[in-house]
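Undergrad: Please see the structure below; I have some questions.
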Amino acid sequence: MSMSSPKPVAKPRAAERLQRRLSQHIGALCSDAATLDIRLTNNRSTMLSVRREPGRYRLRLHHMFVAASPQVVAALGRYVIHPEAEASATLDAFIAERSAQLQPVRESLRRSTRIIERPCGQHHDLRAIFDELNAGYFGGAIDAKITWGRRKRGDDELRPHKTLTMGSYSVEDRLIRIHPTLDRPDVPRYYVAWIVYHEMLHQKHGIPELGGRRCYHPPSFLAEERLFDEYELAHRWERQHQHRLLMY
């Protein structure tokens, strides 16, 4: 959940070539005008990760994918849009073939690296908020981890920013991240709960396809958003304090 979309960044040539190939496959599968961000890595424990955001797909790929066949790139395109089983099997087979000398093959495309959860902030306890929302709104059905995002290093001086992604949900990791700028004494608990609730809805509703387009906030999602008890209060507080939230 963000206030505005960040600007795309420049890509190395290898990533640009792969991005063009992958964009062709994604364009053939859906009519989304989503931005595709690719970062190539040498990470031997996480060969592939995808973050699906409104209007943007963020990929971290091992550099082995630069030499992937058209069939593998096509499977990658399908997996980016939705983690289907057939595409996942194709990608697992490719990773197994190429990574035999790097490390043992993973059992699935989920990250094998440990995720360190930091739900207890200085002012707000995300786990307590999550558990209350899960019991009160979802009947305990949401199965996700939750953590504060990493705080910036360096001095503690606040600086103005143009954008802010207040929360995100990773399908592969079943992980909700909340921006640490919300862990302030002047940010009311009901507002933090509203952001957490929004990200929990992403797990419940997924990313359906409507009219040939991937829909991050389908009508059922938007309708359930309004069931949040402090919906109007949270929106009003955000409008009144947006300039403060962008100072971090």
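Undergrad: Return only the number of the condition from (1) under 19 Å from TYR137 (Cβ atoms); (2) at pLDDT 95 or above; (3) in contact with a helix residue (DSSP H, G or I) (Cβ under 6 Å, 6 or more places away or on another chain) that TRP237 does not satisfy.
TA: Condition not satisfied by TRP237: (1).
Undergrad: Can you spot a residue in segment 200-210 that is part of a helix (DSSP H, G or I), touching a residue at least 60 places away in the same chain (Cβ under 8 Å), assigned by TED's automatic domain parsing to the domain that holds GLN240 and over 22 Å from ILE116 (Cβ atoms)?
TA: Yes, segment 200-210 has at least one match.
Undergrad: Going by the conditions given, is ILE195 in contact (Cβ under 8 Å) with a residue 12 or more places away in the chain, surrounded by 15 or more Cβ atoms within 10 Å (Cβ to Cβ) and in a helix (DSSP H, G or I)?
TA: Here the answer is yes, as ILE195 does meet what is asked.
Undergrad: Of the conditions (1) part of a helix (DSSP H, G or I); (2) surrounded by 15 or more Cβ atoms within 10 Å (Cβ to Cβ), GLN242 satisfies every one except a single condition; which number is it?
TA: (2)
Undergrad: Here's a follow-up. If you go through segment 129-153 one residue at a time, how many are under 21 Å from the mean Cα position of the chain (by Cα), closer than 17 Å to LYS204 by Cβ and touching a residue at least 40 places away in the same chain (Cβ under 8 Å)?
TA: 10
Undergrad: Within 22 Å of GLY139 (Cα to Cα), out of contact with any Cys (no Cβ under 6 Å at 6 or more places or on another chain) and surrounded by 13 or more Cβ atoms within 10 Å (Cβ to Cβ), is that true of TYR231?
TA: Yes, satisfied.
Undergrad: For segment 177-190: of the residues being without any contact (Cβ under 8 Å) to a residue 60 or more places away in the chain and closer than 17 Å to GLY149 by Cα, which is surrounded by the fewest Cβ atoms within 10 Å (Cβ to Cβ)?
TA: ARG177
Undergrad: Additional query: Could you list, in sequence order, all residues of segment 23-57 that are hydroxyl-bearing (Ser, Thr, Tyr) and at pLDDT 75 or above?
TA: Passing the criteria: SER23, THR35, THR41, THR46, SER49, TYR57.
Undergrad: Let me ask you something else. Going through segment 60-88 one residue at a time, which ones are outside any helix (DSSP H, G or I), under 22 Å from the mean Cα position of the chain (by Cα) and surrounded by 14 or more Cβ atoms within 10 Å (Cβ to Cβ)?
TA: Across segment 60-88, the qualifying residues are ARG60, LEU61, HIS62, HIS82, PRO83.
The values are calculated or read from the model by the stated rules, or taken from the named source; none is laboratory data. Just so it is clear, the model here is predicted, and its values are computed rather than measured. Cβ: placed from backbone, ideal geometry, glycine included. Neighbour counts: every protein chain shown.
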